[in-house]
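The values are calculated or read from the model by the stated rules, or taken from the named source; none is laboratory data. Note that the structure is predicted; figures quoted are calculated from it, not measured. Note that we place each Cβ from the backbone using ideal geometry, even for glycine, and neighbour counts take in every protein chain shown. Each accessible area value is taken on the protein alone, full model and side chains, heavy atoms only, with ligands, DNA and RNA left out. Shrake-Rupley method; radii C 1.70, N 1.55, O 1.52, S 1.80 Å.
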Amino acid sequence: MALLLLALTPAVKAEGFSAKEVVLEHIKDSHDWHVTDVKDADGNLKPIAIPLPVIVKSSTGWHVFCSSQFEHHAHEGMRHIKADAPAELQGLAIATAGEHAGKIVENGQPVLDLSITKTVAVMFINVILLLCCVLLSARWYKKHKASDNAPGGFVGFMEMLVMYVVDDIIKPGIGKGYEKYVPYLLTCFFFIFTCNVMGLIPFPPGSGNVTGNIAVTFFLALCTFIVVQFSGSKHYWKDTFWPDVPFLLKCPVPLMPVIEFVGIFTKPFALMIRLFANMMAGHAIAVAMPCIIFLVATMSAGVFYSMSAVSVIMAIFMMCLECLVCFIQAMVFTLLSSVFIGMAKAEPEHE
């Protein structure tokens with residue numbers, strides 16, 4: 001909480017404070033990793049940011065350079081390339097306003113951008129951290145026999161999570177033949193859980209809103225969609241295109257088949273939106289609560305102290321709630337994926 005307030009404090013300007021800008025700054029993607037702002041000798045705010053690799057294809061070909069080549073402050077809605085940058089980079093800029101806001105443009109038009117943005121960088125860090133956790137646990141099991149005592153500490157915690165997900169989520173959701181889906185579903189659970197938890201840390205290597213990025217949740221939902229379709233039994237496809245309903249509901253107007261076919265796509269869509277919306281809203285609210293302190297900074301002492309106390313209490317409550325939501329959202333995504341796979345594999349009761 002104190003670190004979050006410290007990060008927000010430099011954003012208070014003499015001409016006013018924009019809570020909207022602060023919230024959007026913390027949840028949107030960017031080409032550099034903003035940490036905080038500090039005042040220079042002239043009293044102007046200077047951003048402290050970790051530069052990230054930029055990989056773009058412009059009219060002059062492919063370019064790979066560091067995001068520090070862009071100016072820190074925007075002019076006319078653009079962060080232009082610095083004057084001392086190589087000549088082939090001149091003309092590139094990061095749009096800060098308009099329909100291309102947040103994108104790299106050349107003379108106002110977007111270019112092919114494969115840059116390592118903040119979300120991508122945080123995701124790589126989360127994946128490396130998750131691999132270390134899994135390999136550390138696997139190393140313990142390689143050195144011990146099944147008859148040895150159960151592990152304790154971190155390895156014991158990982159075993160508890162794995163057994164909970166497998167026995168209470170995957171196995172009941174899929175049923176017979178669940179074993180071959182365990183690796184994928186465990187990967188989904190731990191990846192989402194790790195990204196959610198790391199997103200609560202307000203400074204590098206955390207602070208990334210990975211699961212609050214709809215591109216990430218879209219890919220996760222797409223993976224589940226593919227697994228579900230390739231797991232579908234004959235009964236699943238028969239119920240989709242010729243369900244057991246009164247004949248007039250499927251011929252001559254294929255009402256129920258159309259509804260069932262649309263349902264194939266609404267399931268992964270619900271997975272995508274649920275995870276994205278919950279995590280993005282949680283991050284936004286957690287950041288918005290401390291903003292109340294700065295919004296009432298110019299009011300009377302009584303209002304300032306009372307609202308500051310309310311803001312701190314609500315912020316702490318939201319952070320605690322977010323810790324619970326991190327686990328719940330990972331569990332819900334894995335649970336629904338298991339249920340969808342189980343429904344696709346289901347056979348008629350009389351068989």
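Give the aspartates and glutamates whose C-alpha is closer than 16 Å to that of Lys39, dropping any in the same chain fewer than 8 places away, or say none.
Leaving aside aspartates and glutamates fewer than 8 places away in the same chain, those within reach of Lys39 are Glu15.
Place a label point 7 angstrom from the Cα of Glu179 along the Cα-to-Cβ direction, then list the residues of region 141-159 whose backbone nitrogen is under 18 Å away.
What the label zone holds, given the 18 Å backbone N cut-off, is 146.
Under 5 Å between amide hydrogens, which residues at least 5 positions from Met78 or on another chain qualify, with H placed 1.01 Å from N in the peptide plane?
Thr96
Quick check: with the 1.4 Å probe, what order do His100, His26 take by accessible area, largest first? Mind showing how you got there, number by number?
Working: His100 40, His26 60 Å².
Of His100, His26, the descending order of accessible area is His26, His100.
Between His72 and Phe304, what is 0.36 nm times their sequence separation minus the Cα-Cα distance? Round to one decimal in nm.
Working: separation 232, 0.36 × 232 = 83.52 nm, distance 3.26 nm.
Answer, rounded to one decimal: 80.3 nm.
Could you go through region 96-111 in sequence order and give the Karplus-derived ³J(HN,Hα) for each residue, using 6.51 cos²θ - 1.76 cosθ + 1.60 with θ = phi - 60°, rounded to whole Hz, and x for Gly and Pro?
Calculated HN-Hα couplings, in order: 10, 8, x, 6, 9, 4, x, 9, 7, 10, 10, 6, x, 10, x, 10 Hz.
Tell me, what ³J(HN,Hα) does each residue in region 269-276 have, in order and in whole Hz, if you take phi through Karplus 6.51 cos²θ - 1.76 cosθ + 1.60 with θ = phi - 60° and put x for Gly and Pro?
4, 5, 4, 5, 5, 4, 5, 4
Using a Förster distance of 22 Å, how high is the FRET efficiency between Ala85 and Phe203, based on the Cβ-Cβ distance and rounded to 0.05? The partial results should precede the final answer.
Details: r = 29 Å, r/R0 = 1.30.
After rounding to 0.05, the efficiency reads 0.15.
What is the set of long-range amide H partners of Asp37 at a cut-off below 5 Å, with H atoms built 1.01 Å from backbone N?
Ile48
So what is the 222 nm mean residue ellipticity for the chain from helices alone, if each DSSP H run of at least 4 adds -39500 (n - 2.57) and you divide by all residues, rounding to the nearest 500 deg cm²/dmol?
Numbers: 10 runs with 187 residues, N = 351.
Mean residue ellipticity, 222 nm, calculated: -18000 deg cm²/dmol.
List the residues whose amide H sits under 5 Å from the amide H of Leu92, counting only those 5 or more places along or on another chain, with H placed 1.01 Å from N in the peptide plane.
Amide H neighbours of Leu92, under 5 Å, 5+ apart: Ile81.
Tell me, what HN-Hα J-couplings in whole Hz come from the Karplus equation 6.51 cos²θ - 1.76 cosθ + 1.60 at θ = phi - 60° for each residue of region 79-84, using x for Gly and Pro?
9, 7, 5, 5, 5, 8
Using alpha carbons only, how many angstrom separate the centre of region 160-180 from the centre of region 218-271?
About 24 Å separates the Cα centre of region 160-180 from the one of region 218-271.
Distance cut-off 22 Å, Cα to Cα: go down the list Lys145/Lys176; Lys171/Lys345; Lys142/Lys176; Lys118/Lys180; Lys145/Lys180; Lys82/Lys103 and report the pairs above it. Each step should come with its number before you reach the end.
Working: Lys145/Lys176 28 Å; Lys171/Lys345 13 Å; Lys142/Lys176 28 Å; Lys118/Lys180 34 Å; Lys145/Lys180 24 Å; Lys82/Lys103 17 Å.
Over 22 Å apart, Cα to Cα: Lys145/Lys176; Lys142/Lys176; Lys118/Lys180; Lys145/Lys180.
Computed FRET efficiency, Cβ-Cβ of Glu99 and Cys133, R0 35 Å: what is it to the nearest 0.05?
On the way: r = 41 Å, r/R0 = 1.17.
The pair Glu99/Cys133 has a calculated efficiency of 0.30.
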